[in-house]
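Worksheet: the structure to be examined is printed underneath.
The values are calculated or read from the model by the stated rules, or taken from the named source; none is laboratory data. All figures in this text were calculated on a predicted structure; none of them were measured in a lab. For neighbour counting, all protein chains shown are included, and Cβ atoms are generated from backbone atoms with ideal geometry for every residue, glycine included. Quick note on the areas: whole protein, heavy atoms, side chains included, nothing else; ligands and nucleic acids left out. Shrake-Rupley method; radii C 1.70, N 1.55, O 1.52, S 1.80 Å.
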Amino acid sequence: MTGERRRVWNEETQRWEDTGASGAAAPPPLPQLPPPLPEHLPYMPEPPAAPTVPSPVPPPGGGGRALRQKTLTAAAALVVLLGTGYGVHRLTGDDGSDRTRTAATAPPSEDGVPTDEDSGVGGGPSSDSASTSSSPSPSGTEGGLPAGYQQVDDPAGYSLAVPDGWERTERDSGVFYATDGDRDLLQIFVVTEPGLTPYEAVRQSSKNLDAQQPGYEEISLDRGAAPEDASPAVGDDAARLVYAYDSEKLGTRKQCVEYAFTADDGKKYAMVAAGPQDDWSATEETARVALAHLSTDGAGAAE
């Protein structure tokens with residue numbers, strides 16, 4: 001029959017298929033295509049990134065143990081500060097100014113003596129240097145003085161012999177008699193620390209100088225070492241420090257001697273003589289003559 005459809009077995013595809021009138025198998029239906037994409041795709045924002053949480057940093061040195069150690073250290077520091085409160089008060093005046101430093105506690109100056117911290121230069125006069133009214137006056141008792149020396153009644157309350165032509169100034173670290181530029185000098189001051197012996201005073205001076213002066217050398221440190229011809233005012237409780245260092249200010253090496261002693265008026269004094277090392281014999285003689293003619297009977301004291 002023309003145009004009759006019938007089912008036949010297809011050996012290639014291994015299935016029954018409907019045929020047309022010609023007996024050929026009908027072609028398989030075409031696959032359905034997907035719908036076309038839109039011309040512009042909609043914008044899809046990226047999801048926000050999750051916040052980063054930093055990991056905890058462990059305390060250095062082992063957690064809680066290190067924290068406990070820091071707490072103990074802070075507590076110990078507080079105890080030390082409270083214990084040194086009196087010492088700080090002793091090193092400053094009631095008005096907060098630095099007026100009571102001694103060689104045992106004050107840092108040395110460029111001249112190897114306690115620093116005048118008001119002016120910042122140990123060798124130079126401070127802003128409150130002695131006025132004309134406080135200048136020393138020649139003493140009427142000059143018997144036995146070597147040539148080139150004069151006996152002066154110092155306004156600080158003592159009398160001593162100093163080389164001719166040396167100028168007197170008052171600085172925060174004591175009374176100075178010195179040549180121009182402090183090439184040679186003589187310094188005297190009262191040791192104010194309670195209970196500090198003369199030997200302890202000069203020993204502490206040596207430690208301070210060693211830490212702060214370039215080329216420092218402790219030459220000798222002795223007890224009971226006052227000069228043989230020292231005045232009775234010097235007493236038997238005395239100590240002496242001899243040292244040298246490189247003076248950057250003068251560009252030379254200086255050698256100095258510091259005497260500390262308990263005077264007959266009950267006060268503890270310190271006296272420093274300093275000069276170039278090449279002139280050590282002259283420096284030593286300056287200190288010896290000053291101590292040989294020292295008097296603490298109140299000569300020259302202000303009314």
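Summary of computed values
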| item | result |
| --- | --- |
| Qualifying residue in segment 245-257 (condition: β-branched (Val, Ile, Thr) and in contact with a Lys or Arg (Cβ under 8 Å, 6 or more places away or on another chain)) | yes |
| Sole exception among (1) surrounded by 19 or more Cβ atoms within 10 Å (Cβ to Cβ); (2) part of a loop (DSSP other than H, G, I, E, B); (3) at pLDDT 95 or above for Val162, by number | (2) |
| Only listed residue being assigned to a strand (DSSP E or B) and touching a residue at least 12 places away in the same chain (Cβ under 8 Å), chosen from Val202, Val257 | Val257 |
| Checklist (1) crowded, with 17+ Cβ neighbours inside 10 Å; (2) under 26 Å from the mean Cα position of the chain (by Cα); (3) not in a loop (DSSP other than H, G, I, E, B) applied to Glu193, failing item | (3) |
| Yes/no for Tyr216 being under 17 Å from His293 (Cβ atoms), at pLDDT 95 or above and among the hydroxyl-bearing types (Ser, Thr, Tyr) | no |
| Pair list, Cβ under 7 Å, 6 or more apart: segment 1-19 residue part of a strand (DSSP E or B) and open to solvent by less than 100 Å² (accessible area, probe 1.4 Å), other residue at pLDDT 70 or above and among the β-branched types (Val, Ile, Thr) | Glu17/Val8; Thr19/Val8 |
| Check on Ala260, among the aliphatic types (A, V, I, L, M), open to solvent by 10 Å² or more (accessible area, probe 1.4 Å), modelled with pLDDT of 95 or more and out of contact with any Ser or Thr (no Cβ under 7 Å at 6 or more places or on another chain) | no |
| Verdict on Lys249 being touching a residue at least 40 places away in the same chain (Cβ under 8 Å) and part of a loop (DSSP other than H, G, I, E, B) | yes |
| Residue satisfying condition, being more than 26 Å from the chain's Cα centre (by Cα) and not β-branched (Val, Ile, Thr), within set Tyr243, Tyr269 | Tyr269 |
